[in-house]
Each structure stands twice: as structure tokens, then as C-alpha cells.
């Protein structure tokens, strides 16, 4: 498997070159702690919107800030390796903030794809994306899968 990870400054140059080549850039982000079918459907749906799919992962400290001190379960380096192994994903990067606004402003993708737990109106980064002419797209299957539910199910089974 080729290493798809690029630090943000390197990826910024890569994206600029891809845009010069006429490629449509799609951006997706998240923690992707315990991978499940909802994640795969989200990423595959995002990839269908363009030529290049970039996935930005929340750092471990960012994930803790969003989800609590016990998160993430899987450390960033391993999450990068897991997401990099997905065929639909072209590049992976990470960010320290709790939202992806700064990363979006650096990369300026054509499309910012979010899962179906959002609407185009509730995407936290919608104003930033609009500021550089990008579009918001909602992709993936209905939010019937979650890492939280998987963890709860494992805990219940462990008690039995």
C-alpha cells in the first residue's frame, strides 16, 4: 500500500498541482475511530463527487476535545493507516482543531462532503467553504451506524 498521508503544507502544494491538472478535489473529515460500514459508504459517496478524495483525520487531542477523555480508542497513526488502505481515498492528512475550517481554508477543495447526520445548513464549516467558492455535499447512507453504538454493544456482550 502506498503511503497516502501528507502533512497539510505538502498536501496544499499537491492540491494546487492537481487543480492545475483539472482535477476536482473532494474533502471529507472525521475521527474514524472504529471503522464501520457507515464510514465506508460515506467515503465512497464522497469519492463519487470528484477525481481526488482527501480525508482529514482529527488528531488524538482533537478527538478527546470532541468526544471525551477516553477517545480515541485507536491512535492517530493507526487511523491514518486504516483510512489509507481504503481504495476510494487518495490522500490523508490530520488536523489539531476541533473543526476542519483551518484545513479547508488551506486546501480549498471544490467539495466538502459530510455524512447524513448533517444537512447543508448544519455543516459547521459551511461559511468557510462558501468563502472560497466550494460546495457542500451530503453523502453516505442514513446514520444507522455509529462507533458509540458499536462500543455499547461490545460492552453489553462483555457483561454476558
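Here are some notes:
- Value of [θ]222 nm, deg cm²/dmol, for the chain, DSSP H segments ≥ 4, -39500 (n - 2.57) each, nearest 500: -12000 deg cm²/dmol
- Folded to 0 to 90 degrees: helix 37-47 orientation relative to the chain principal axis, Cα: 0 degrees
- The range 1-55 versus the range 99-124: alpha-carbon centroid distance in Å: 12 Å
- Computed packing ranks the peptides 25-35, 81-91, 60-70 as 25-35, 81-91, 60-70, most packed first, by mean other Cβ atoms within 10 Å.
- Quotient of C-alpha Rg and 2.2 N^0.38 Å, computed over the chain: 1.02
- Angle between the chain longest axis and helix 147-159 axis [Cα atoms, degrees, rounded to 10]: 20 degrees
Computed from the coordinates by the stated procedures, all read-outs in this text should not be read as laboratory data. Treat the numbers as computed from the prediction; the structure is a model and nothing was measured. Using ideal geometry, Cβ is built from the backbone for each residue, glycine included, and neighbour counts are taken over all protein chains shown.
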